[in-house]
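Quick notes on the structure that follows.
The values are calculated or read from the model by the stated rules, or taken from the named source; none is laboratory data. Not measured: the values here are computed from a predicted model. For neighbour counting, all protein chains shown are included, and Cβ atoms are generated from backbone atoms with ideal geometry for every residue, glycine included. Calculation scope for accessible area: heavy atoms of the full protein, side chains included, ligands and nucleic acids excluded. Shrake-Rupley method; radii C 1.70, N 1.55, O 1.52, S 1.80 Å.
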Amino acid sequence: MSVQQETRSGGEALEVWIDQDLCTGDGICAQYAPEVFELDIDGLAYVKGPDDELLQAKGAVTAVPLPLLADVVDSARECPGDCIHVRRVLDKVEVYGPDAE
Ligand code: SF4
């Protein structure tokens with residue numbers, strides 16, 4: 001993990017959610033971080049829960065495992081729909097994604 005990533009997250013727990021209304025279904029996130037993202041049969045990406053189950057509710061939130069943070073951040077950066085949101089668990093401040101400062 002880069003120093004910048006460490007600084008932004010403050011070493012705190014992060015979580016991620018997808019705004020499916022903006023998802024283009026290209027599957028980039030599922031390529032970068034298949035442990036966290038997967039396309040459902042509706043062609044949109046959803047996050048996975050800790051037991052690897054697909055959370056099929058729109059806007060569902062899941063924890064970002066620290067070893068996967070770089071992959072999740074890359075997904076958010078490359079997401080054509082600008083619809084992957086990574087935020088701190090504690091105060092819900094977005095640290096990566098379209099609403100990050
Ligand atoms: S990268 Fe973004 S737009 Fe593409 S499938 Fe994943 S969430 Fe949807």
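Output the peptides 36-43, 88-95 sorted from most to least packed, where packing is the average of other Cβ atoms within 10 Å over each peptide's residues.
Ranking the peptides 36-43, 88-95 by packing returns 36-43, 88-95.
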List the residues of segment 13-46 whose backbone N lies under 14 Å from a point placed 7 Å from the Cα of residue 57 along the Cα-to-Cβ direction. 17-18
Quick check for you: with a 1.4 Å probe and neighbouring chains kept, what is the accessible area per residue of the chain, in Å²? 54 Å²
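Rounded, prolate or oblate for segment 17-101? Axes are the square roots of the Cα gyration tensor eigenvalues, ordered a ≥ b ≥ c, and the cut-off for rounded is a/c under 1.5.
Details: a/c = 1.39, a/b = 1.19, b/c = 1.17.
Rounded is the answer for segment 17-101, as its axis ratio a/c remains below 1.5.
For every other residue with a beta carbon closer than 12 angstrom to the beta carbon of residue 46, add +1 if it is Lys or Arg and -1 if Asp or Glu, then tell me the sum. Intermediate results must be reported in sequence, preceding the final value.
Details: positive: 48, 58; negative: 19, 38, 40, 42, 53.
Taking every other residue near residue 46 into account, the sum is -3.
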Folded to 0 to 90 degrees: helix 69-78 orientation relative to the chain principal axis, Cα: 60 degrees
Let me cross-check residue 99: its accessible surface, 1.4 Å probe, with only protein heavy atoms counted, in Å² to the nearest 10? 100 Å²
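Report in % the part of the accessible area of the chain that belongs to carbon and sulfur, leaving out ligands and nucleic acids; probe 1.4 Å. Before the final figure, lay out each step's value.
Numbers: 2790 of 5450 Å².
In the chain, the share of accessible area belonging to carbon and sulfur is 51 percent.
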